[in-house]
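The values are calculated or read from the model by the stated rules, or taken from the named source; none is laboratory data. The structure displayed is predicted, hence computed values, not measured ones. Here the Cβ positions follow ideal geometry from the backbone for every residue, glycine too, while neighbour counts run over all protein chains shown. Only protein heavy atoms, including side chains, enter the accessible area calculation; ligands, DNA and RNA are left aside. Shrake-Rupley method; radii C 1.70, N 1.55, O 1.52, S 1.80 Å.
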Amino acid sequence: MNYINKLASFAVLVTALSGCDFNEDFCIRNGELVAWCDFSGIKEPLPIPAQRHMIAFPLGHTDIPSGTETTFTQDTLRWSIPQGEYRFLFYTGNYKVSDIQNYHEACLTVQTDTVEGGAYIPGIQDFCCSAMFSEHLEYQNTKRVEVSPSAFVQRLNIQINVSGNTVPLSSLKGTLSGISTGRYLVSRERTGNASLTTIFARKQDFNRWRTSLYVFGFSPVAENILTVKVEMDEEDSAFNEEQTVDLTPYVRGFEGEELSLELNLHVGKELTIDQPVVIPDWEDIPETEL
């Protein structure tokens, strides 16, 4: 009876080993990637978006497909992954990735809607940062990597100084055309073209209206026209109006992280623009203060 049990145990052992063809080189051998984020180089004040993503691109044969992505919400990622050479792409925020199987073609994109034949970005883009690095993972070893991301979106600040008949002024709404809808993670080239809407906010007792936009960039082939819709109180709604100004000379070719523009609006007359300025005491105004 014992002899039979021993034979059965040996058969089970042989079956288990046959999965590796009696050669450990054919078995899955995982290493561990421990990566933590250093956001000290990010000028944007916290909080950085909670969603962090890591995309793995094997350089040789492994048991995971190219473009395998994992998401984590803490600064440190622990990822058990087959040994081998990898390229990694890191990014933050809730964005869609197109062509995720191709390291050079992976592109972050925003959702767009079509309204009256034109493309519009319906939601507010979040701040986003990214990084890329290469590492070799070894069996049963831990590879510790410090991820130092850089800003992947640009911030456009717009301040409108309003004069004229401001007493019945209820709100300012803006639409800016020529916004890029995607950006490649590796080359950082921009793609796509759509318009983006925004609401300007005002502090009480001040006729300075402000908005801040995060964008992947500005289309190099489309004009960047800002349309400002001036809305009055309901009893004065007959005096609602729209004014436009061309921002193309100021934003086209801009490669920095942040740009502030100051405009002057005389209600009932015109909307003009001053030279781009960096407003040193820029302060975000929550929409609740409208």
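General observations
- Pairs meeting the criteria (first residue in region 131-148 and in contact (Cβ under 8 Å) with a residue 24 or more places away in the chain and over 20 Å from residue 187 (Cα atoms), second residue open to solvent by 70 Å² or more (accessible area, probe 1.4 Å) and not basic (Lys, Arg), beta carbons under 6 Å, at least 6 apart or on different chains) are 136/85; 137/83; 138/83; 139/83.
- Of the residues 221, 228, the single one that is open to solvent by 60 Å² or more (accessible area, probe 1.4 Å), of a type in the set (A, V, I, L, M, F, W, C) and closer than 27 Å to residue 127 by Cα is 221.
- Verdict on residue 29 being at pLDDT below 90 and either touching a strand residue (DSSP E or B) at 6+ places or on another chain (Cβ under 9 Å) or open to solvent by 60 Å² or more (accessible area, probe 1.4 Å) (or both): yes
- Yes/no for residue 147 being under 17 Å from the mean Cα position of the chain (by Cα), buried (at least 19 other Cβ atoms within 10 Å of the Cβ) and β-branched (Val, Ile, Thr): yes
- Hits in region 100-114 - residues which are within 20 Å of residue 218 (Cβ to Cβ) and open to solvent by 70 Å² or more (accessible area, probe 1.4 Å): 111
- Test: residue in region 128-136 that is of a type in the set (S, T, N, Q) and surrounded by fewer than 17 Cβ atoms within 10 Å (Cβ to Cβ): yes
- Test: residue in region 206-218 that is over 25 Å from residue 92 (Cβ atoms), basic (Lys, Arg) and more than 25 Å from the chain's Cα centre (by Cα): yes
- Residues in region 77-92 that are of a type in the set (S, T, N, Q) and open to solvent by less than 70 Å² (accessible area, probe 1.4 Å): 92 alone.
- One residue from 215, 221, 228 being of a type in the set (Val, Ile, Thr) and at pLDDT below 90: 221
- Restricting 183, 208, 190 to residues that are among the basic types (Lys, Arg), free of Cβ contacts under 8 Å to residues at least 60 places away in the same chain and either touching a Gly at 6+ places or on another chain (Cβ under 7 Å) or open to solvent by less than 20 Å² (accessible area, probe 1.4 Å) (or both) narrows the list to 190.
- Qualifying residue in region 140-159 (condition: farther than 30 Å from residue 60 by Cβ and not in a strand (DSSP E or B)): yes
- Subset of region 235-270 [within 27 Å of residue 168 (Cα to Cα) and either in a loop (DSSP other than H, G, I, E, B) or free of Cβ contacts under 8 Å to residues at least 12 places away in the same chain (or both)]: 237, 238, 240, 267, 268, 269
- Odd one out for residue 132, checked against (1) at pLDDT below 95; (2) more than 30 Å from residue 272 (Cβ to Cβ): (1)
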